[in-house]
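Just below is one structure, and these are the notes that go with it.
No value in this document is a laboratory result; all are computed from the given coordinates. Predicted model, so just to flag it, every value in this text is computed and none were measured. Here the Cβ is made from the backbone with ideal geometry for all residues, glycine too, and neighbour counts use every protein chain on show.
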Ligand code: HDD
Ligand code: HEM
Ligand code: HEM
């Protein structure tokens, strides 16, 4: 039986499947840093509160745990959509490689389970558990968040450096070495880069909320403390991130030369390759515009051979096994954005450190606070740009040199519709999330009207009391 | 080893239906609780019942997916290619439900609460129906083997899918009602105990009627599974039916003590019966479990992960349930200083 509506929509599902995957992942990844690092920040505040009997820190920890409940729930939902999508959008990929690619997810599931359990205990246990016991129930969340994201990134890294399997003559996977799958070549650096990114982004994002508050004149100790905890963690992590990123770039130079050529905008294999800031490839594959810094790309790729380091160009592989010109331009632009913003964030972190080093307090000026307020959203942009480098730079492969994207996608042309519906739903969800978080913070600030339970799970108030609460 | 992995998959699926299913059913009672005034009390019991464990219950489904795609990738590809529509609807339903649930509690104004509440409740019906329809499509042999797409429409709009979908909705509604009777008893709200007892009775009778309909439909539309249910899986099916009968009797007599346990036993037995009835097939009758399985290395990993999960997750889960049921996880955790005293 053929379906008329599906025939009418006889479009190519591949671009839509890609668009939907990219869109939903890009949304999910914004919530991930909060899931990974916010608990840590909360525990820092919680520790301070218990150790130094600091009421401001206690209040911060308690409020953060309530916001976390909301962002974690939304992260869980968007994550569940992703697990549906692996099958719905890439059935042929999962059918062929599921036995290898799926391995890290078996462990990721455990970590998320642990995270979900302890986050519920931590959020709801404030009053009834003993203070230090309660503090310790937060620690598994930090560990599980870390290991959970490492597992997911291990799967993504496997797509960059597939290993740990044996194929038969027909190309079917006949044997799997799970350790080799998880600890593939790309995994250590990519996972480290992601985890550090989670702390950078989470820290800057939360600090930016308090920076905004301080700009609006709320310069009390509570706001300063909230800012300091979050910003300090981010500031410490930023240089680490640059170091890991540098190592990762050299890994790409060695193992994915085509992606590297796209990153550095190198059409022809050569030495003394300039680091081109901005600029793009024209339709003939020539570099146009931009600001070339002579020899820097070669030098960075391998300082030991300096400017004479040879960088493989895009022309080294056939056109159908490398990203298209527009994809190359996307990758290069995303790269410039990541490194540019990463450097900017690092400079901001230096400013902050200088303030503490020379004046024993954080910089107080409006310029600094305005930049700090912008740093959160900019860190998110940096993170997204990094993923675009990784994903688009790997094109046309879904599994590097093993499977092409068009061979992996679903054959259901209905993807167009799901793409549109998903975009609309996520848009509504994003608006709702922002409004809800703002409403929470207003209510905290107003100091009243916070009669209702604010976390997304169950209350335990007697029914009568709740009845009054929910009928304002 | 294949058999063990398939068993683990079935057990995890059962856990999802028993734990997650009740959450969906609770959403259905939320939907039918009436306007804001009248519905406030039942809704309070529902929210109390879903409680802090909502998030954790949800992860069972992820385990189902992960085991399916890792251990049985080819069958998984066939299923997702063929049953694209109901699976997509279920995914969208899960988004709506999660977001609606998460936000509704935070929003104070009744107007917005109602929107989020509606999203939460409506999708609570959509998801069990769609997942039931998926199960029906698989059970009735409408998903081909070999990572190929079957019929995109008939695979989920067919007698078995419809009846299993409706049964799914009724079953989770019943389970939730039984569970909510217990919650209402715990918070000492006698009126709500009766409220949910009536609903448990009605939905339980509906489940019984649907089981009869399902038997008739399956006997002609899903013959392999029907034969299985009347032979291999017969003991489990009988346990399910007896459990249902027992629970209904206790509900009628207003002897509410063991009802919750019987509810869980019934639902678990029915799901397990369905799984055992399909044996040895994963996709009756085109793909056997043994033929569908991934290489040994992968299966070992899945089993190791399952064992680790038992060691790590189960104690945590038990702790969460115990804390919750002893009311140690109070309200939103802690009152804010900004709260009016
Ligand atoms: C706040 C976030 C952030 C910051 C400041 C940086 N990155 Fe990054 N980068 C990411 C966030 C990120 C990321 C989003 O997390 C990616 C995507 C995939 C991954 O593993 O990390 C990434 C990918 C990524 C890749 C691609 C890896 C691949 O394709 O396998 C390279 C080469 C770098 N980064 C290098 C750098 C360098 C040299 C930086 C120095 C300024 C840098 N990153 C700062
Ligand atoms: C600790 C931080 C994270 C949280 C709280 C989080 C939340 C979730 C949740 C709850 C799920 C549902 C599946 C499950 O529970 O297993 C999920 C799945 C997923 N997440 Fe995240 N996530 C995190 C880290 C990441 C990272 C770092 C990435 C990618 C870079 C990512 C990408 C995905 C993908 C691809 C899935 C679907 C795979 C699956 O079903 O297992 N997540 N996430
Ligand atoms: C969260 C950060 C991520 C972002 C922003 C992201 C972004 C993208 C983008 C832009 C594409 C489309 C590429 C193109 O059309 O040229 C894509 C494709 C894809 N990504 Fe990612 N990705 C992320 C993480 C992941 C992770 C963690 C996984 C798996 C574990 C993954 C799996 C895929 C798959 C299967 C595709 C489709 C094939 C392809 O086009 O390469 N992505 N992603």
Please compute the modelled spin-label separation between residue B:205 and residue B:261, points set 7 Å along Cα→Cβ, answer in nm with one decimal.
2.7 nm
Find the Rg to Rh ratio for region B:172-249, where Rh is the Kirkwood radius over alpha-carbon pairs and Rg uses the same atoms.
1.12
Take peptide A:420-428, look around each residue's Cβ out to 10 angstrom, count Cβ atoms belonging to other protein chains, and average those counts.
2
With label points set 7 Å from each Cα along the Cα-to-Cβ direction at residue B:7 and residue B:154, the distance between them in nm comes to 3.7 nm
Using Cβ counts within 10 Å as a stand-in for footprinting exposure, how do A:443, A:216 rank, fewest first?
A:216, A:443
Cut-off 14 Å (backbone N to label point 7 Å along Cα→Cβ of residue B:254), residues of region B:173-194
B:190-194
Going by how many other Cβ atoms sit within 10 Å of their own, how do A:394, A:360 line up, fewest first?
A:360, A:394
In region A:187-217, whose amide N lies under 20 Å from the spot 7 Å out along Cα-to-Cβ of residue A:366? List them in ranges.
A:208-217
Is region A:116-249 best put as rounded, prolate or oblate by its Cα gyration tensor, with a ≥ b ≥ c the root eigenvalues, rounded for a/c under 1.5, and otherwise prolate when a/b is larger than b/c, oblate when not?
oblate
What is the mean number of Cβ atoms from other protein chains located within 10 Å of the Cβ atom of each residue in peptide A:127-133, rounded to a whole number?
3
Need one value for B:84-93: mean number of C-beta atoms belonging to other chains within 10 Å of its residues' C-beta atoms.
5
Distance from region B:218-242 to region A:74-143 (C-alpha centre basis), Å
35 Å
Would you kindly give the portion of the calculated P(r) for region B:2-325 that falls above 25 Å, as a percent of all Cα pairs?
51 percent
Förster radius 56 Å - calculated FRET efficiency between residue B:224 and residue A:356 (Cβ-Cβ, nearest 0.05):
0.20
Return an integer: the convex hull volume of the alpha-carbon atoms of region A:128-181, in Å³ per residue.
98 Å³
Burial order of peptide ranges B:305-312, A:238-245, A:87-94 (average beta-carbon count within 10 Å, highest first)
A:87-94, A:238-245, B:305-312
Distance in nm between residue B:242 and residue B:319 label points, each 7 Å along Cα→Cβ, equals 3.8 nm
Test of understanding: ordering B:181, A:209, B:85 by Cβ neighbours within 10 Å, fewest first, what list do you get?
A:209, B:85, B:181
